[in-house]
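Encoded as C-alpha cells, the structure appears first; notes follow it.
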Amino acid sequence: MQENLDFQKFKIYTDRLYQIDKAFDDAQPNRLNRHRHLEPDSAEFLASLVISKRAKNILEIGTSTGYSTLWLGYALAQINRANTADTATLTSIDIDEWRLLTARNHLRTLQFDHNITLQQVDAKDFLRQSTAHFDVIFLDAERRLYGDYVADFKRLLTFGDMLIVDNVISHADEVTAFLSAFEQDSDYLCSTLSIGAGLFLAVKQSKD
C-alpha cells in the first residue's frame, strides 16, 4: 500500500477519470453502455462517511470502471494507516469483465490494490450466498433489480451498519419502492441527502 499518497494528486487523477468517463457517457445513446459514475461531491462524501465510521469491511455493488472504487480505496487506505489492529477490506462486484479490468488498472496505478477484492459476479447471486459482515454497503448498479436485494441487505446488516445508495433523487421514480422497504422499517434510520444525484442512507438501529 502506498504510504503517502498526496490528496491533491489523488483528486487530480480521479477528477480526470470522471471527466473522461462523463464525456464517454454523454456520447452513448444506450444508457447500459455508459459508465455512470456517482458525482464527485458524492464520492468525497462517501469516502468521508467510510473514514468517520472506521469501516472494517466494505461492499460496493457496481464497480463500473472504478471511480467510486478509487474513493473507497482512498478511505480504506486512511483507515488502515490509522489502525493498529484489524485490517480494513473492500469487496467490489460487477458483472462486466472489461469494466472490472479497467477498475483494477486504476487501483494499481494508485497502489490501492491491497486489501481490495474485485469480483465478476451477479449481485443477486453474491448477496444470496454471502455470510460476511459488511459494516458499509454502497449500492450503485442496475436500479430495476434493487428489489431483489432487500431481503439479503436486511439479513447482512447488523446494528450500526450502513447502506448507501446513489441516484435516489435523479431517478426517484425507479427507487421509490426499494427505499420504502427501509423507510417503513423501524429497524432503520433513513435519510435522503441532496448531494450529487441524491444519496440515501439507511443505518441499522436495532440489535437482532
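The values are calculated or read from the model by the stated rules, or taken from the named source; none is laboratory data. This structure is a prediction, so every number in the text was calculated from the model and none was measured. As a convention, Cβ positions derive from the backbone with ideal geometry for all residues, glycine included, and neighbour counts pool all protein chains shown. Ligands, DNA and RNA are stripped out before the accessible areas are found, and what is left, the full protein with its side chains, is counted by its heavy atoms. Shrake-Rupley method; radii C 1.70, N 1.55, O 1.52, S 1.80 Å.
Would you confirm, using the coordinates I've provided, whether residue 147 is buried (at least 16 other Cβ atoms within 10 Å of the Cβ), of a type outside the set (Val, Ile, Thr) and not in a strand (DSSP E or B)? Let's see the steps before the verdict.
Working: buried (at least 16 other Cβ atoms within 10 Å of the Cβ): no; of a type outside the set (Val, Ile, Thr): yes; not in a strand (DSSP E or B): yes.
The answer is no for residue 147.
Considering the range 81-131 alone, what residues qualify as being over 25 Å from residue 17 (Cβ atoms) and crowded, with 19+ Cβ neighbours inside 10 Å?
Answer for the range 81-131, where residues must be over 25 Å from residue 17 (Cβ atoms) and crowded, with 19+ Cβ neighbours inside 10 Å: just 127.
Report, ordered by the first and then the second residue, all pairs with beta carbons closer than 6 Å, sequence separation of six or more or different chains, a first member in the range 136-157 that is closer than 23 Å to residue 47 by Cβ, and a second member that is open to solvent by 50 Å² or more (accessible area, probe 1.4 Å) and β-branched (Val, Ile, Thr).
So the pair list comes out empty.
Quick check on the range 180-195: of everything there that is part of a helix (DSSP H, G or I) and surrounded by 15 or more Cβ atoms within 10 Å (Cβ to Cβ), which residue is nearest to the chain's Cα centre (by Cα)?
Top of the filtered list is 182.
May I ask you to list the residues in the range 44-69 that are in contact (Cβ under 8 Å) with a residue 60 or more places away in the chain, crowded, with 24+ Cβ neighbours inside 10 Å and part of a helix (DSSP H, G or I)?
Within the range 44-69, 46, 50, 68 meet the criteria.
Suppose we keep only residues that are of a type in the set (D, E, K, R) and open to solvent by 80 Å² or more (accessible area, probe 1.4 Å) within the range 1-43. Which one would you say is modelled with the highest pLDDT?
Filtering first and then ranking leaves 41.
When the range 139-175 is examined, which residues are found to be among the hydrophobic types (A, V, I, L, M, F, W, C), over 17 Å from the mean Cα position of the chain (by Cα) and closer than 21 Å to residue 50 by Cα?
Listed by number, the list holds a single entry, 159.
Scan the range 159-179 for residues that are at negative phi and either touching a residue at least 40 places away in the same chain (Cβ under 8 Å) or assigned to a strand (DSSP E or B) (or both) and jot them down. Even if it seems obvious, please write down each step before you answer.
The initial filter retains those residues of the range 159-179 that are at negative phi, namely 159, 161-166, 168-179.
The answer is 159, 161, 162, 163, 164, 165, 166.
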